[in-house]
Amino acid sequence: AVGSILASTFNGIILDDGRDALQDTNDRALANMQRGGSYSVVPRVPGGEITPEQLVQMGETAKKYNLYSKITGAQRIDFFGASKYQLPDIWEELGSVGLESGHAYGKALRTVKSCVGSTWCRYGVQDSVGFAIRVENR
């Protein structure tokens, strides 16, 4: 557990530079093991900001692998029901539009929520989304 925590202190790919040996099952798979041995995949969506291309790719991937999809309370989309052997292909497809693991299982900063802030809200006084993204990508 300590190795996993220390490996997550760097804002890099958790499996690079030999850190993969320090990770537990969820970290190595970049997914959450669920009841029955299937996995859930949670792409990172800093500040809840997502592009149309990312949304389309998420939908296409979920449909292709018959994944149950759910919007989480952390402003992310979780995909349930993946088999372990499918995970590399799922992440390759999601990665093609810049999505990476949200480490929903990690012992780390997982997500920073925000309102739309001054960019869209008439009552907004700050760029909340920009701030949330800077904090999450620290």
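Here are some notes:
- Extension gain (nm, one decimal) between CYS115 and ASP127, 0.36 nm per residue minus Cα-Cα: 3.4 nm
- Packing rank of 81-92, 115-126, where each peptide gets the mean count of other beta carbons within 10 Å, highest leading: 81-92, 115-126
- For the range 45-87, the set of GluC sites (Glu not before Pro) satisfying both a DSSP loop assignment and a count of at most 16 other C-beta atoms within 10 Å is given as GLU49.
- Modelled spin labels at GLU93 and ARG138, positioned 7 Å past Cα toward Cβ, are 3.5 nm from each other.
Each reported figure results from applying straightforward, stated rules to the coordinates on display, with no laboratory input. Please read these numbers as outputs of a predicted model, since none were measured by experiment. Positions of Cβ are generated from backbone atoms using ideal geometry, with glycine treated the same way; all protein chains shown enter the neighbour counts.
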